[in-house]
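Written out below as structure tokens is the structure these notes cover.
Just so you know, all these numbers are worked out from the coordinates, no wet-lab data involved. It should be emphasised that the depicted structure is a prediction, and the values quoted were computed from it without experimental measurement. Counting neighbours? That spans all protein chains shown, and the Cβs are built from the backbone with ideal geometry, glycine included.
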Amino acid sequence: MNMFQKIIYFFLQIQEKSLSAKLNKHLKASSTNSTSKTVLSTGVTMTLSAETEKNKEMVLKNVADIVSNANTEPEKLLAYISSAGTKVIKLDNADKILALIKEEEGLITELKGLEAFYLNVMTDSGFSFRTKPMFVMRDGIIDPYYMVHQFYKWYALRNNLPGFDYFSQKIFKIYLNSDGSGLENLTLSEMTGLKEAIARDQEATDFALKLAKEKEGSKKVLDKMKNDGGANI
């Protein structure tokens, strides 16, 4: 992972933690979704159900195994995604095309309305006002850790972890780069969905950073052993 990528992930972590802290101030009740139950007390904490926790552990283990078997190669991970039935699209100007609808390269979760229609047309996916989750990237070299980050989210989505529904993702994208003002206007359901969306992105970021540290650490050890036969870095 190059220094620029590390800086991006570092600031992403700060943004997510800041948004999560602000959001916690507004969560003062209980609600449920398909796989988790939010329990909010005086300390304003979220307790995920046993099912969600079990799914999180399964996702973490399986993604680690898949990434390892693919040797962290982006093209192999994209092939895995495609074989699972998710559309993978390479476009020369993917970054510019996606910027018009405020999306970034990688996993594009479900969209609705004009944004969905635009993306469907640009990716030759028909003329619907609703999209299915898909991968859209430029046709070129892909940073392996960026790909791992996106792959983790895709696998979590495929395994029904909460936070990937249309409204939760829409709110997440709006508030991630904001100062947090307006959170008090969200409904409890919207705040809960936002909390889940933040958690999923944090999990993907943490996984990518941990993998990068492990890979870079291993490389330093190997280089050291080649140079002087020692394992100390």
What distance in nm separates the simple spin-label points at Phe129 and Lys61, each placed 7 Å from Cα in the Cβ direction?
-> 4.4
In nm, what is the difference between 0.36 nm times the number of residues separating Ala21 and Val121 and their Cα-Cα distance?
-> 32.1 nm
Expressed in nanometres to one decimal, the distance between label points 7 Å along Cα→Cβ at Ile101 and Glu214 is 3.4
Full-extension gain in nm, Asp179 to Leu91, via 0.36 nm per residue minus C-alpha separation = 28.4 nm
Of Lys96/Lys170; Lys56/Lys96; Lys56/Lys195; Lys195/Lys215; Lys76/Lys213, which pairs sit farther than 23 Å apart, going by alpha carbon to alpha carbon?
-> Lys56/Lys96; Lys195/Lys215
Using a 10 Å cut-off on Cβ atoms, rank the peptides 111-124, 143-156 from the highest mean neighbour count down.
-> 143-156, 111-124
